[in-house]
Amino acid sequence: EKTYGVSRWGGGYFRIGDNGNVKVTPDPNDPSIQIDFKSVINDIKEEGIQLPVVVRFHDVLRAQVENLNKLFNQIIEEAGYQGSYNGVYPIKVNQMREVVEEIVDAGTPYGYGLEAGSKAELLAALAMNTNEDSLTILNGYKDEEFMRLALLGRMLGRRMVVVVEKYSELLLLIKASKQLGIEPIIGVRAKMTVKGRGKWEGSAGERAKFGLTIAEIIKTARHLEQEGMSHCLKLLHFHIGSQLTDIRAIKEAITEGARIYADLHKMGFELDYVDVGGGLGIDYDGSNSTNDSSRNYTMHEYIADIVYGMKEVCDMEKVPHPTLVSESGRAITAHHSCVIMEIVGEIRSNSAELDTSVVDGEHFFTKNMREMLENFDGAPNKQELYNDASQYKEQALDAFKLRVLNLEELGKIETLYWQIMVKLKAFYADVDFVPEDLLELDYRLSSQYLCNFSVFQSAADTWAIDQLLPVVPLMRMDEPPTVNCSLVDITCDSDGKIDKFAVGREITNVLPMHPLKKGEHYYAGLFLTGAYQDVMGDMHNLFGRLNEVHIFSYDDDPEDFYIEEVVKGSSVEDVLHIMQYNPKAMATDVKRLIDKQISAGKIKPREGVKWTDFYENCLSGYTYLKTD
Ligand code: PLP
């Protein structure tokens, strides 16, 4: 627990069981429910589902929707706030139908709605968010068709709010509304001066891509007034960035947003809603700090700052408390899914050891390197020894290129070099001061565990923006993890790796894992992938979408669960199809080539049939490694 911090980032959903396996508690109100990941893996395998898999815990999704809504309602009551809460879930964070359906269902008693930021998302929201009490907030850039779709929603009696991001959108909306004779509900998005801190701080400030300046907001309101439509202007929206690491940015944004709302009100524009956007962060590294992958506040504190902050300004300005809207996506979805992957091998620079005993006529580089190793204990200055050994290794490589040294001798020098490095590492493990050059030794001697997954498909943000996601072994947690390693995926891309981990209180480039045992499967979980990672993946190297299992717990047995649904991941055929191949034609072509070998008498017809079937099976198979 100290090493992996499961309870710190786990949000009450994950823990290490006494048997050394990681367990999930999908309903934090009932900690007696503990589903063992080992049992989940066993069931997955029994059902013939290949790893890697995405595991979705729908109970976790429901719990997060309930947490957010209940907390808003509770704090609103405690604060004596006169408005209510009408949150929305931004579909872009995870558009999977099953996810959106679960959120809408869990949110129905709270009037919790959806946010859409593109035409496709709007079409989905129109079909999914049928609850008349909930909002559908429409952000992002829009065309005339988009406006008409929003008005279709109005015609169906739905609370669709078109948030104007750009002045020209207003003109499009008014035109469509007049043509169709349907009144819109309009929001304006303010370009905030307060910037979030962290990776998404570009969402605010004068160079922000979205939103209206104060002058543009006033121009919009006045234009609506001229058109006799000022009563349609109902919502003020702002969003200062996702994963806000520092609570101070939120407090400042609320003050700024509340002031804009209050002054608009005093100018005669009586808005009903203030939408504070997303940004509620996740503590990915468990440090509860302003690190990029963390945040220094809780959901409770975030909500309290919104409610009390808004109340304070409104009371001072003597304007009504607006209905509060928030668009949390990450906080709703991050915990509900994880990726289970198998570690299928180990890569180590010093794994192959050649026999380095003395042979006649050996090169003096080999002899010198061996002497350094033999005299290690007596060497008074270990850094000097490191420098000399490193220099010999480099010189040996040059000598090899100049054909002075042969391949075998270079291999022996390499072996001796790594043996010296292992001794140096052991020596410096017990010493207080480690010279800078040698600090890297740990990393250079660490293993790389080869994982059957693709970083680009399952953890896009770790590659794109250096986001940290927790990785933990799913079993053997009752044994000390003695192998320091980074993780590499199976794509043919050296960027396909994970080498940033939270270990204890530190961010390191290696993670302690357990030594691989022959004949035993060793699985790791990549956690908190439910927000963005689940849906942003890329098919690099044609590794497609993962198989998915949806897990539910039984009410009557705290350790039991059932796989409610299996969503098959991409087959090789599927991914080839996307790239414009015709897998059927490919199979026919390959069959023709095999038949030619039969006709030429090179293989027997029965063998030919086997090869044809094999090719076709691979086409319809999974894109990841088959490990059983
Ligand atoms: N709303 C808007 C307008 C956004 O751009 C985003 C994401 O950046 C969100 C909501 C969701 O934010 P988060 O996932 O941080 O809750």
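The values are calculated or read from the model by the stated rules, or taken from the named source; none is laboratory data. Computed from a predicted model, the values in this text were never measured in an experiment. Because the Cβ atoms are built from the backbone with ideal geometry, glycine has one as well, and the counts that use them run over all protein chains shown.
With respect to being within 17 Å of Val40 (Cβ to Cβ), under 23 Å from the mean Cα position of the chain (by Cα) and away from the ligand (no atom under 16 Å from the Cβ), Glu565 fits the description. When Asp556 is tested against (1) surrounded by 13 or more Cβ atoms within 10 Å (Cβ to Cβ); (2) under 27 Å from Lys45 (Cβ atoms); (3) among the acidic types (Asp, Glu), only condition (1) is not met. Note on segment 1-51: residues that are in a loop (DSSP other than H, G, I, E, B), without any contact (Cβ under 8 Å) to a residue 60 or more places away in the chain and within 21 Å of the chain's Cα centre (by Cα) amount to 2. Which numbered condition in (1) buried (at least 19 other Cβ atoms within 10 Å of the Cβ); (2) within 16 Å of the ligand (Cβ to nearest atom); (3) in the same structural domain as Asp315 (by TED's automatic domain parsing) is the only one that Ala63 fails? Just one mismatch for Ala63, condition (2). Cβ-Cβ distances below 9 Å connect the following pairs, each with a first residue in segment 126-148 that is on the phi < 0 side of the Ramachandran plot and among the aromatic types (Phe, Trp, Tyr), a second residue that is part of a loop (DSSP other than H, G, I, E, B) and at pLDDT 95 or above, and a separation of six or more residues or different chains: Tyr141/Gly117; Tyr141/Ser118; Phe146/Ser118. Being at pLDDT 95 or above, assigned to a helix (DSSP H, G or I) and under 28 Å from the mean Cα position of the chain (by Cα) holds for only one residue in Ala176, Ala127, Ala150, and it is Ala127.
Under the condition of being more than 16 Å from the ligand (Cβ to nearest atom) and within 14 Å of Ser337 (Cβ to Cβ), the residues counted in segment 529-551 number 8. Of all residues in segment 325-372, which are more than 16 Å from the ligand (Cβ to nearest atom) and closer than 30 Å to Thr136 by Cα? The one that is more than 16 Å from the ligand (Cβ to nearest atom) and closer than 30 Å to Thr136 by Cα: Cys338.
Within segment 322-355, being crowded, with 19+ Cβ neighbours inside 10 Å and assigned to a loop (DSSP other than H, G, I, E, B) holds for Pro322, Ser326, Glu327, Ser328, Gly329. As a summary of the residue check, Asp285 satisfies the conditions (1) more than 18 Å from the chain's Cα centre (by Cα); (2) in contact (Cβ under 8 Å) with a residue 12 or more places away in the chain except for the one numbered (1).
Quick one: is Gly257 under 31 Å from the mean Cα position of the chain (by Cα), in a helix (DSSP H, G or I), within 16 Å of the ligand (Cβ to nearest atom) and closer than 24 Å to Ile282 by Cβ? Yes.
Residue count for segment 516-558, restricted to those that are assigned to a loop (DSSP other than H, G, I, E, B) and of a type outside the set (Gly, Ala, Ser): 20.
With the condition kept exactly as written, say whether any residue in segment 372-379 is surrounded by 15 or more Cβ atoms within 10 Å (Cβ to Cβ), outside any loop (DSSP other than H, G, I, E, B) and in contact (Cβ under 8 Å) with a residue 40 or more places away in the chain. There is at least one residue in segment 372-379 that is surrounded by 15 or more Cβ atoms within 10 Å (Cβ to Cβ), outside any loop (DSSP other than H, G, I, E, B) and in contact (Cβ under 8 Å) with a residue 40 or more places away in the chain. Of all the residues in segment 94-121, those that are in contact with a helix residue (DSSP H, G or I) (Cβ under 6 Å, 6 or more places away or on another chain), within 22 Å of Ala460 (Cβ to Cβ), not aliphatic (A, V, I, L, M) and not in a loop (DSSP other than H, G, I, E, B) number 1.
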